[in-house]
Each structure stands twice: as C-alpha cells, then as structure tokens.
Amino acid sequence: MKRLRHAAAALALAAPVFAPAATAQVFVIGSGLGAECYDAAKSGRLSPTIAVDMCTRALREEMMTKSNRAATYVNRGVLYMRDGDYEKALADYEDAERLDGEQGAIYLNRGAAYIYQRDFDSALGPLDKAIALDTQDLYAAHYNRAIARENTGDVEGAYYDFKAALDLRPDWTLAQQQLARFTVTTN
C-alpha cells in the first residue's frame, strides 16, 4: 500500500502550508454592465472599487436572466475577494446560489474565500460541491481542495488533489511546485 510522507513533516505540523487559492469568473452572455463586470473580474485592469461599482450598477439597473444575475454576483464576489472583503464576497456567493445553485464557480470561489480566511474546514464542503458539479475550472477546485485538505491534516488527500489539478492543467507551475514538496514511499 502506498503511503505519503510530507517532505518537511515537522514544518508542516508547526506551520501549515498556505498557498494562494485559485478563483474563477463566470461569463455573462450579452453586453452591457454585466458583461463589463465579467471583463473587470477576469482582467483585473480596473481598481476593485470601480469594478465593484460597475457590477453593483449591473445588478441594480440591468434586466438579466437568473443565470446571468447569479454570474454577476459571482464576479462581484471575486472582486470583493481581490480587495480582501471576504464577508461581502461570501454574501454574493450566497445570493448567486439562491438564483442558480448549479454554477460550480459559486462553490469554487466560496471555498477560496474560506481559504483566504484560513477557515480550511469550511472550505472543504463548497470545494467538494464544485468538483461534483464539474466546474469549468475543475483544476482550480482540486488545487484549492488540496490546500484545504493539507491544512486540515489530510496530507494524502492533498497530494492526490494537487496531482489531479496538474493532470487537468499540466503546465500549471503552482501545482507543480506544490507536488514537488511531497515524497511518495511504498511499504
């Protein structure tokens, strides 16, 4: 049976590894402020304050399908996270879930918000759901779940999630760096 041993087990116990979480934006079909909100979340070219205001205006002023409205809440949540306002981000993900709970990006980003808050136990459920929904950014969901798993003591689960992230996106340097920290031994 294969067993995993962390290369720096003593350090991992004293100070859990914290790697940056991955996030995902949701495409809004059409034009107008909702589409501009998506572009702002994806590109990061606007200041978070200006971009959040644009998304808020889209939610307040534009007629949208439930799916697009949910996507706009997700995108605004990503912008809030980028600005370090995790509580507002989580509130937006909750609003998005009420509108269209089948968008995997909701749960991927909710998990990322919990990771940024170092609430790794709370991150696991949303990330499991993002993976179950086969989110468009499945590699990011596995990567984030690996971070949460490692920081809750599930080193073996973390290894397999980092591996899954790299299998889904073979050129991803972050996942490569995380996997390089592990040593696999057989007994």
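Against the conditions (1) within 20 Å of TRP172 (Cβ to Cβ); (2) part of a helix (DSSP H, G or I), ARG57 satisfies every one except (1). Taken as a whole, the structure places THR183 among residues that are of a type outside the set (Lys, Arg), more than 20 Å from GLU87 (Cβ to Cβ), in contact with a strand residue (DSSP E or B) (Cβ under 9 Å, 6 or more places away or on another chain) and surrounded by fewer than 21 Cβ atoms within 10 Å (Cβ to Cβ). Within the range 129-151, one or more residues are over 14 Å from the mean Cα position of the chain (by Cα) and open to solvent by less than 40 Å² (accessible area, probe 1.4 Å). Among the residues of the range 38-51, not a single one is acidic (Asp, Glu), part of a helix (DSSP H, G or I), touching a Lys or Arg at 6+ places or on another chain (Cβ under 9 Å) and at pLDDT 95 or above. Close contacts from the range 123-151, counting a first residue that is under 17 Å from TYR86 (Cβ atoms) and a second that is hydroxyl-bearing (Ser, Thr, Tyr) and surrounded by fewer than 21 Cβ atoms within 10 Å (Cβ to Cβ), with Cβ to Cβ under 9 Å and a gap of 6+ residues or different chains, come to ALA123/THR152; LEU124/THR152; ALA148/SER122.
Screening LEU79 on (1) open to solvent by 50 Å² or more (accessible area, probe 1.4 Å); (2) closer than 24 Å to LEU33 by Cα; (3) not small (Gly, Ala, Ser) shows it passes everything except condition (1). Screening the candidates ASP167, ASP154, ASP121 for the property of being open to solvent by 40 Å² or more (accessible area, probe 1.4 Å), farther than 19 Å from VAL78 by Cβ and within 17 Å of the chain's Cα centre (by Cα) yields one hit, ASP121. Listed conditions (1) touching a Ser or Thr at 6+ places or on another chain (Cβ under 9 Å); (2) of a type outside the set (Ser, Thr, Tyr); (3) within 13 Å of LYS129 (Cβ to Cβ); (4) surrounded by fewer than 24 Cβ atoms within 10 Å (Cβ to Cβ) are all met by GLU97, apart from (1).
The values are calculated or read from the model by the stated rules, or taken from the named source; none is laboratory data. Every value quoted in this text rests on a predicted model; they were computed, and no experiment measured them. A quick note on method: Cβ atoms are made from the backbone with ideal geometry, for glycine too, and the neighbour counts reach across all protein chains shown. Please note that ligands, DNA and RNA were not included when accessible areas were found on the heavy atoms of the full protein model with its side chains. Shrake-Rupley method; radii C 1.70, N 1.55, O 1.52, S 1.80 Å.
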